[in-house]
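Trainee: What follows is a structure written as structure tokens; I'll ask about it next.
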Ligand code: ATP
Ligand code: MG
């Protein structure tokens, strides 16, 4: 027998048994964003490598070691997107969209990073992200946080919010020097990763997951104590909004986020139930990025949600979804009933699209079909045998104790379903 082919490690199948949960998550997120006036957009999954290296920054984990990059047959360097913001920014600039006024958009789909696969960390994973272009006001920062806050409520997820400010690029570069000086004075306490980052991206050292670095990081000077006046004001306005909205948060001075492009507000929603893969949503302001990517200076901010991690947190959603859609199992006996059951199913679905109908095709005995109906967890069975057919009737049988079996006229079935559902 030929050898079985397997999927690539870290790139998972979404199995049919899990797809309802995913659709429900996607639907919940997109309905909420649409309600807030965000419009869906879809940049391609493959972009020129420069889109990402320029946006994300050369000295970041993603660009240094996580991207899937190759040369196509014309010699162009292409990359499977590791995140969504870079492509959306490229799209905004290419189509001149911010010129038409404030842009509120969202996207979804697969992202690709060559990481070490583990629970909550994959090589192909999925994000839904939202971005706003053309608004510098802290009200928008608050709106994005407020949307995500409502979302966790809708999905029944328990998470905490961490926020920080990274200041302006000027205040950050003087802070960077201060931090570098401190870290150089304590070089003997740095681990290998941090030594590598010391000169090129010292801020990332604050983000270290190495427990042994915790003490040193706690002693290091904090960006939040060295903010420029404008960023300080922006941050206090944001906190004021969050207080008024009743959204709890914790200011985490170590929160720097992995990507280069952020300034001012950064935030993360973190769950305690996913170990070190606890961040389910990360976001921040990136006022300098549009210009850096070749567009006109445009303030911008966004977030991205990791859908796999949300799905891991939602255990009871499956039951909640199952309750939503009434399910009918169509038991069919005898050759002649096959066509009529097919015709009737089509009519029922066209009239009542929120139903699920499973048509039995086994031609088995009534007993065996009944067993399958119960196993499918259907709410009702329709039974069409030759005798019913010749009387232009079918049997309607509730399967979950909702009353007795009854005979119904074929042409009356839609009305009957409408009445009881
Ligand atoms: P982490 O610190 O967990 O590596 P990150 O800072 O690299 O996260 P972002 O680039 O901010 O993550 O992406 C936003 C969200 O996408 C994350 O909060 C997470 O929920 C999800 N995510 C990121 N990388 C992965 C991955 N490899 N597998 C699954 N989900 C991921
Ligand atoms: Mg990462």
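Trainee: What are the residues in region 80-102 that are in contact with a helix residue (DSSP H, G or I) (Cβ under 8 Å, 6 or more places away or on another chain) and away from ligand 2 (no atom under 16 Å from the Cβ), if any? Talk me through it step by step, then tell me what you get.
Mentor: Going residue by residue through region 80-102, those that are in contact with a helix residue (DSSP H, G or I) (Cβ under 8 Å, 6 or more places away or on another chain) are 81-83, 85-87, 89-93, 97-98.
Those that are in contact with a helix residue (DSSP H, G or I) (Cβ under 8 Å, 6 or more places away or on another chain) and away from ligand 2 (no atom under 16 Å from the Cβ): 87, 89, 90, 91, 92, 93, 97, 98.
Trainee: Anything in region 23-39 that is surrounded by 13 or more Cβ atoms within 10 Å (Cβ to Cβ) and either assigned to a loop (DSSP other than H, G, I, E, B) or in contact with a strand residue (DSSP E or B) (Cβ under 8 Å, 6 or more places away or on another chain) (or both)? List them, or say none. Even if it seems obvious, please write down each step before you answer.
Mentor: Start the filter on region 23-39 by keeping residues that are surrounded by 13 or more Cβ atoms within 10 Å (Cβ to Cβ), which leaves 24-26, 28-30, 32-33, 36, 38.
Result: 26, 29, 30, 33, 36, 38.
Trainee: Follow-up. Please determine, by comparing only the residues of region 268-298 that are more than 16 Å from ligand 2 (Cβ to nearest atom) and either part of a strand (DSSP E or B) or out of contact with any helix residue (DSSP H, G or I) (no Cβ under 8 Å at 6 or more places or on another chain) (or both), which one is nearest to residue 143 (Cα to Cα).
Mentor: Once the filter is applied, the top-ranked residue is 285.
Trainee: When you scan region 406-421, how many residues do you find that are without any contact (Cβ under 8 Å) to a residue 12 or more places away in the chain and touching a strand residue (DSSP E or B) at 6+ places or on another chain (Cβ under 7 Å)?
Mentor: 1
Trainee: Sticking with this structure for a sec: Pick out, from region 174-262, the helices (runs of 4 or more DSSP H) lying fully within it that include 1 or more residues that are in the same structural domain as residue 278 (by TED's automatic domain parsing), away from ligand 1 (no atom under 16 Å from the Cβ) and within 21 Å of residue 278 (Cβ to Cβ). Before you say what the answer is, go through the steps one by one.
Mentor: Details: elements: 192-200, 214-219, 229-244.
Hits in region 174-262: 229-244.
Trainee: Has region 404-418 got at least one residue that is outside any strand (DSSP E or B), closer than 15 Å to residue 325 by Cα and under 38 Å from the mean Cα position of the chain (by Cα)? Walk me through how you get there before you give the answer.
Mentor: The first filter runs over region 404-418 and keeps only residues outside any strand (DSSP E or B), leaving 404-405, 410-418.
Next, from what is left, pick out any that are closer than 15 Å to residue 325 by Cα: 417-418.
Imposing the further condition that a residue be under 38 Å from the mean Cα position of the chain (by Cα) reduces the set to 417-418.
Yes, some residue in region 404-418 is outside any strand (DSSP E or B), closer than 15 Å to residue 325 by Cα and under 38 Å from the mean Cα position of the chain (by Cα).
Trainee: Here are the criteria: (1) within 17 Å of residue 56 (Cα to Cα); (2) away from ligand 2 (no atom under 16 Å from the Cβ); (3) in a strand (DSSP E or B). Tell me which single one residue 127 does not satisfy.
Mentor: Tallying (1) within 17 Å of residue 56 (Cα to Cα); (2) away from ligand 2 (no atom under 16 Å from the Cβ); (3) in a strand (DSSP E or B), residue 127 fails exactly one: (2).
Trainee: Here's something else I'd like to know. Among the numbered conditions (1) more than 16 Å from ligand 1 (Cβ to nearest atom); (2) free of Cβ contacts under 8 Å to residues at least 24 places away in the same chain; (3) within 24 Å of the chain's Cα centre (by Cα), tell me where residue 63 comes up short.
Mentor: (1)
Trainee: Within region 103-112, is there a residue that is within 19 Å of the chain's Cα centre (by Cα) and within 15 Å of ligand 2 (Cβ to nearest atom)?
Mentor: Applying the first criterion (within 19 Å of the chain's Cα centre (by Cα)) to region 103-112 yields 104-112.
Of the ones still in play, those that are also within 15 Å of ligand 2 (Cβ to nearest atom) are 111-112.
Yes, region 103-112 contains at least one residue that is within 19 Å of the chain's Cα centre (by Cα) and within 15 Å of ligand 2 (Cβ to nearest atom).
Trainee: Consider residue 337 against the criteria (1) in contact (Cβ under 8 Å) with a residue 24 or more places away in the chain; (2) under 44 Å from the mean Cα position of the chain (by Cα); (3) assigned to a helix (DSSP H, G or I): it satisfies all of them except one. Which criterion is unmet?
Mentor: Failed condition: (2).
Trainee: Can we say residue 105 is assigned to a helix (DSSP H, G or I) and either out of contact with any helix residue (DSSP H, G or I) (no Cβ under 6 Å at 6 or more places or on another chain) or in contact (Cβ under 8 Å) with a residue 60 or more places away in the chain (or both)?
Mentor: Details: assigned to a helix (DSSP H, G or I): no; either out of contact with any helix residue (DSSP H, G or I) (no Cβ under 6 Å at 6 or more places or on another chain) or in contact (Cβ under 8 Å) with a residue 60 or more places away in the chain (or both): yes.
Spelling it out, it is not the case that residue 105 is assigned to a helix (DSSP H, G or I) and either out of contact with any helix residue (DSSP H, G or I) (no Cβ under 6 Å at 6 or more places or on another chain) or in contact (Cβ under 8 Å) with a residue 60 or more places away in the chain (or both).
The values are calculated or read from the model by the stated rules, or taken from the named source; none is laboratory data. Bear in mind the structure is a predicted one, so any value in this text is a computation, not a measurement. As a convention, Cβ positions derive from the backbone with ideal geometry for all residues, glycine included, and neighbour counts pool all protein chains shown.
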